[in-house]
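Everything on this sheet refers to the single structure shown next.
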Amino acid sequence: MKSTVDEIRQRFDADLERFSNLETGQSAAIDSPLAMALIAEAAAVTTPHARHVLDVGCGAGNYTLKLLQDVPNLDVTLIDLSRPMLDRATERIEKATAGRVTTIQGDIREVELSDGQFDIVLAASTLHHLRADQEWRDVFAAIHRALRRGDSFWIFDMIESPIAGIQQLMQRRYGEYLTRLKDVSYRDHVFAYIEKEDTPRPLLFQLDLFRQVGFAQVEVLHKNNCFAAFGALKSREILPI
């Protein structure tokens, strides 16, 4: 059985410091600093008029802080399961923007988002907690509705391969990365909570899902091993039903 939402929340409540380093990002994720920079720059060049960003699974706020370096003084809405994470993110982000900071403690599957409310949506290392395919579709569709026309949705997350041999290769290489980062016991610790908590989907599944829910343009910024940074733009036009 996979972890419940409450079990995941409890782990993140106790893991605050690991998510509070803007220079390293979440170090267990391969190329985390590069992904933060690429997503911030991609959001800035595709959505330079942005006024309001939504950070889904914001953790301690690293992705929004990086974005604010390129698109300053945004209004910010933060969603996370963990109240300590939201409090830390708010403390850091309020120092970096003249905009309003709003927090929502909750699960993105249950939070109600208003249509056309946001210009940029960020989701870093969070969507892999979604379970059934329909949950993925519902969340992508809700985010599409919540964006204004012409605006953007950016993801950095763990992905899996639908090809068993490739998935085994990626798993082995990711284990080698974690061992180099710290040691074998750390590798085993990370693999244990991935097995318990996470249900990632292939990159192509998510790119197809963008198009299925109505995004007009899709882009892959970076992929290394079992992590990828990618996103999509909502059409500027009102499409016929």
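Quick rundown of the values:
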{"quantity": "Largest-first ellipsoid semi-axes for the chain, taking √(5λ) over the Cα gyration tensor eigenvalues, angstrom", "calculated": "26, 21, 17"}
{"quantity": "Accessible-area composition of region 21-68, carbon plus sulfur, in percent [1.4 Å probe]", "calculated": "57 percent"}
{"quantity": "Helical mean residue ellipticity (222 nm; -39500 (n - 2.57) per DSSP H run of 4+; nearest 500) of the chain", "calculated": "-13500 deg cm²/dmol"}
{"quantity": "Region 141-201: projected area of the alpha-carbon convex hull, averaged over directions, in nm²", "calculated": "6.0 nm²"}
{"quantity": "Cα point-scatterer Debye curve for region 1-100, base-10 log of I(q)/I(0) at q = 0.14, 0.18, 0.21 Å⁻¹", "calculated": "-0.52, -0.84, -1.08"}
{"quantity": "Per residue, in Å², the accessible surface of the chain once ligands and nucleic acids are set aside, probe 1.4 Å", "calculated": "47 Å²"}
{"quantity": "Entries in Lys2/Lys95; Lys2/Lys223; Lys66/Lys223; Lys196/Lys234 that, when Cα-Cα distance is taken, lie over 31 Å", "calculated": "Lys2/Lys95; Lys196/Lys234"}
{"quantity": "q = 0.18, 0.19, 0.23 Å⁻¹: log10 I(q)/I(0) that the Debye formula gives for region 78-195, counting C-alpha atoms only", "calculated": "-1.11, -1.16, -1.33"}
{"quantity": "Heavy-atom accessible surface of region 106-207: percent carbon and sulfur, 1.4 Å", "calculated": "51 percent"}
{"quantity": "Region 1-47 versus region 54-126: alpha-carbon centroid distance in Å", "calculated": "12 Å"}
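The values are calculated or read from the model by the stated rules, or taken from the named source; none is laboratory data. Just so it is clear, the model here is predicted, and its values are computed rather than measured. Remember, those area values only see protein heavy atoms, side chains included, never the ligands or the DNA or RNA. Shrake-Rupley method; radii C 1.70, N 1.55, O 1.52, S 1.80 Å.
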